[in-house]
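Below is one structure, written out as structure tokens, with a few remarks after it.
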Amino acid sequence: TKTISKCYVQVTGMTCASCVANIERNLRREDGIHSILVALMAGKAEVRYNPAVIHPSAIAELIRELGFGATVMENCGEGDGILELVVRGMTCASCVHKIESTLMKTNGVLYCSVALATNKAHIKYDPEIIGPRDIIQVIKDLGFTTSLVKKDRSASHLDHKQEIRQWRRSFVVSLVFCIPVMGLMIYMMVMDSQLSDAHAHHNMSTEEMEALHSSMILEYQLLPGLSVMNFLSFLLCVPVQMFGGWHFYVQAYRALKHKTANMDVLIVLATSIAFVYSFVILLVAMAEKAKVNPVTFFDTPPMLFVFISLGRWLEHVAKGKTSEALARLISLQATEATIVTLGPGNVLLSEEQVDVELVQRGDIVKVIPGGKFPVDGRVIEGHSMVDESLITGEAMPVTKKAGNTVIAGSINQNGSLLISATHVGADTTLSQIVKLVEEAQTSKAPIQQFADKLSGYFVPSVVAVSVVTLFAWIIIGFVDFEIVEKYFLGYNKSISTAEVIIRFAFQASITVLCIACPCSLGLA
């Protein structure tokens with residue numbers, strides 16, 4: 001007997017089914033090549049050859065001569081099949097041992113592990129020698145009932161509905177509270193400009209100005225040091241900080257736990273500091289019973305959260321669109337297959353319905369008119385028209401007769417076909433397309449990786465700049481107080497210089513942080 005070895009060759013440059021046929025036809029003629037199977041989507045050829053006559057490198061060279069790129073794949077373990085089963089009826093460790101030892105003795109099983117607690121069996125096998133149905137039969141013969149672990153075919157891991165909902169909620173909460181805050185801000189600005197106009201025209205004394213200023217409704221003090229404006233802003237800011245920013249806090253905490261700084265960290269830092277600082281300054285003003293209302297930053301968090309949660313929401317909506325297309329693609333897969341046993345002269349002896357995952361390579365599958373092809377295969381008998389538009393986009397049905405290849409997921413139209421399975425499970429064209437789209441979704445564009453890398457440096461540097469600002473102003477203040485006085489308008493003359501300086505320094509450093517936040521938007 002000749003020893004037959006198997007190798008995998010990565011083939012590039014194939015564009016359609018005729019390329020596949022070309023490679024298969026030409027290589028079959030060569031000496032020492034037993035069989036060849038080419039998968040178009042995976043760009044992979046599986047060759048069974050006689051090592052005494054030909055080597056894998058020579059096989060790759062033959063494919064190259066046909067005008068394709070070809071390299072021999074080193075890790076040939078890719079051909080292993082993996083089976084996950086639920087086994088019922090095991091009572092103790094000896095049952096587990098019985099199943100494991102029997103399976104390991106079975107020819108073609110490479111690895112087997114059975115867990116009593118979860119009733120699950122994990123089996124690796126060589127699809128050339130044995131298939132999932134044979135393995136299930138072995139376990140059944142031992143007296144246990146077994147079934148496949150139901151795979152989730154709904155592509156739910158690609159479903160962004162929950163994230164879309166969460167960010168939409170976050171956005172709406174922030175927006176509801178942001179609009180009044182912005183309204184208050186704009187009202188204050190308008191009033192301030194009117195005041196300065198009045199001041200310009202009527203040369204009022206500063207005392208009169210202050211009287212006019214405090215007569216404005218929003219500046220009215222509910223308690224000494226607590227104006228209506230600041231109180232309202234505080235009330236509107238709290239729910240945003242709590243509910244609108246909740247997801248940001250969770251993410252930022254996770255990032256910091258892994259010692260990385262991402263956008264969320266910056267957003268949380270800026271909003272929290274702005275909020276806490278404003279809150280503290282209010283308390284200080286109330287304790288001092290200050291006449292002039294302190295400048296607070298309660299307007300920062302709601303506005304930031306609004307824009308950023310809007311961005312996140314749109315991002316997930318876009319992701320959801322690709323996932324929807326993918327889910328539709330996955331739903332095209334057939335769930336069951338009719339396997340037939342043929343006698344001499346292709347006489348039908350028996351047929352049985354099995355789960356698609358139990359179809360083994362080399363099985364004869366019967367596809368009735370109107371049925372979907374469960375696996376990729378080659379027609380053995382029958383004549384029909386097949387709608388392959390889901391894969392090729394070709395609207396016209398394609399004629400299939402003995403010897404033609406068929407693609408999983410395409411629809412058989414008018415005649416009954418018998419096909420021999422060539423690619424099953426994860427190797428079918430449809431599974432490969434799904435895998436490609438999934439990989440495209442999870443992989444990042446170079447610019448995205450660059451942005452992520454940048455944000456890694458961006459956050460710490462912004463925090464550093466902000467700290468530098470804080471200390472710089474404190475030093476400047478103590479060296480030359482007049483500069484601070486020039487920029488820090490309307491501070492209360494009754495408080496000590498040191499406090500004025502520190503307040504101003506804090507204000508400057510927080511401004512740096514808050515202003516850096518939209519940059520994170522730019523990066524996002």
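The values are calculated or read from the model by the stated rules, or taken from the named source; none is laboratory data. All values reported here derive from a predicted model rather than from experimental measurement. Ideal geometry is used to build each Cβ from the backbone, glycine not excepted, and the neighbour counts take in all protein chains shown. Heads up: the accessible areas ignore ligands, DNA and RNA and are worked out on the full protein's heavy atoms, side chains in. Shrake-Rupley method; radii C 1.70, N 1.55, O 1.52, S 1.80 Å.
Would you please give the residues with an amide H less than 5 Å from that of residue 380, counting only those at least 5 places away or on a separate chain, with H modeled from the backbone geometry?
Residues meeting the criterion, in which the H sits 1.01 Å from N, are 403, 418, 419, 420.
Suppose each label sits 7 Å from its Cα in the direction of the beta carbon; what would the residue 253-residue 332 distance come out to in nanometres?
Inter-label distance under the simple model: 4.4 nm.
How far is the Cα center of segment 287-337 from the Cα center of segment 465-486, in Å?
About 38 Å separates the Cα centre of segment 287-337 from the one of segment 465-486.
As an exercise, find the ratio Rg/Rh for the chain from alpha-carbon atoms, using the Kirkwood inverse-distance average for Rh. Please report the intermediate quantities before stating the final value.
On the way: Rg = 35.8 Å, Rh = 29.7 Å.
Result: Rg/Rh = 1.20.
Which lysines, if any, have their Cα less than 26 Å from the Cα of residue 105, not counting same-chain residues under 8 positions apart?
Output for residue 105: 2, 6, 120, 124, 140.
So which lysines can residue 259 reach, going by Cα to Cα under 20 Å and dropping same-chain residues fewer than 8 places off?
Hits, sequence-local ones excluded: 453.
Contour minus end-to-end for residue 107 and residue 322, with contour as 0.36 nm per residue of separation and end-to-end as the Cα-Cα distance?
Values: separation 215, 0.36 × 215 = 77.40 nm, distance 4.31 nm.
Full extension of this stretch gives 73.1 nm more.
Quick one: check the C-alpha center-to-center distance for segment 219-273 versus segment 424-439, whole angstrom.
Their Cα centres are 45 Å away from one another.
So with the 1.4 Å probe, I'd like the accessible area per residue for the chain, rounded to whole Å². Before the final figure, lay out each step's value.
Numbers: 27880 Å² over 524 residues.
In whole numbers, the chain has 53 Å² accessible per residue.
Rounded to the nearest percent, how much of the accessible area of the chain (1.4 Å probe, protein heavy atoms only) is carbon and sulfur? Show your work: numbers first, answer last.
Numbers: 17200 of 27880 Å².
Result for the chain: 62 percent of the exposed heavy-atom area is carbon or sulfur.
Can you pull out the GluC sites (Glu not before Pro) in segment 1-98 whose DSSP state is coil and whose Cβ has at most 13 other Cβ atoms within 10 Å?
Details: sites: 24, 30, 46, 61, 65, 74, 78, 84; in loops: 30, 74.
Filter output for segment 1-98: 74.
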